[in-house]
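Participant: Before we start, here is the structure in question, set down as structure tokens.
The values are calculated or read from the model by the stated rules, or taken from the named source; none is laboratory data. Computed from a predicted structure; not experimentally measured. We place every Cβ from the backbone using ideal geometry, glycine too, and count neighbours over all the protein chains shown.
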Amino acid sequence: MSNVDVIKGLYKAFAEGDIDSVCALLDPCIEWIESDGIPYGGVFQGHEAVVNGVFAKMAAEWDNFTAHVDQFIDAGDIVITLGTDSGTFKATGQKMRAPTASIWTLKNGKVVKFRQYIDTLAVVSATN
């Protein structure tokens, strides 16, 4: 399986809400970096930190959250995804649609590092 196939599988599992399958594709010591300036901004180390610090909060606070990818760019051990995140922030009822670029670093078929770049103003505007 190519690194692009791994990342496509990860997005598919995430869209289906299958967090166990997502975690199976992440190295146990993953470094997960969310853009500063959003509610989940910062660095998360390991499965538990990513699940509790990012995924669980997103599920609790957003309706119809989707991470849509328009393009997968194969750069060997790195896969770059370009797309759009969208959803409705439950507390405000505000919709969000934000362009994203993500850099996935893989080793031996597992994601060892994730770094996200997102339109932080679009996210923050929905949460206020």
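Participant: Hey, any hits in segment 47-66 for a residue that's exposed (fewer than 13 other Cβ atoms within 10 Å of the Cβ) and within 17 Å of ASP5 (Cβ to Cβ)?
Facilitator: No, because not a single residue in segment 47-66 is exposed (fewer than 13 other Cβ atoms within 10 Å of the Cβ) and within 17 Å of ASP5 (Cβ to Cβ).
Participant: Can you name the residue in segment 29-70 that is touching a residue at least 12 places away in the same chain (Cβ under 8 Å) and polar (S, T, N, Q) and, of all such residues, is nearest to THR105 (Cα to Cα)?
Facilitator: GLN45
Participant: Something else now. Identify all residues within segment 19-40 that are of a type in the set (A, V, I, L, M, F, W, C) and crowded, with 16+ Cβ neighbours inside 10 Å; write none if there are none.
Facilitator: Result: ILE19, VAL22, CYS23, LEU25, LEU26, ILE30, TRP32, ILE33, ILE38.
Participant: Exactly one of (1) surrounded by fewer than 18 Cβ atoms within 10 Å (Cβ to Cβ); (2) of a type in the set (Val, Ile, Thr); (3) in a helix (DSSP H, G or I) is unmet by VAL123. Its number?
Facilitator: In the conditions (1) surrounded by fewer than 18 Cβ atoms within 10 Å (Cβ to Cβ); (2) of a type in the set (Val, Ile, Thr); (3) in a helix (DSSP H, G or I), VAL123 misses (1) alone.
Participant: Say whether the condition of being in contact (Cβ under 8 Å) with a residue 60 or more places away in the chain, surrounded by 13 or more Cβ atoms within 10 Å (Cβ to Cβ), on the phi < 0 side of the Ramachandran plot and among the aliphatic types (A, V, I, L, M) is met by at least one residue in segment 10-18.
Facilitator: Checked segment 10-18: at least one residue is in contact (Cβ under 8 Å) with a residue 60 or more places away in the chain, surrounded by 13 or more Cβ atoms within 10 Å (Cβ to Cβ), on the phi < 0 side of the Ramachandran plot and among the aliphatic types (A, V, I, L, M).
Participant: Filter segment 7-23 down to residues that are farther than 11 Å from PHE55 by Cβ and among the hydrophobic types (A, V, I, L, M, F, W, C), then give me how many there are.
Facilitator: Matching residues across segment 7-23 total 4.
Results for (1) at pLDDT 95 or above; (2) within 20 Å of ASP74 (Cα to Cα); (3) not charged (D, E, K, R), shown as yes or no for each residue.
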position	(1), (2), (3)
ASN3	yes, yes, yes
VAL6	yes, yes, yes
ASP18	yes, no, no
SER21	yes, no, yes
ALA24	yes, no, yes
PRO28	yes, no, yes
TRP32	yes, yes, yes
SER35	yes, no, yes
ILE38	no, no, yes
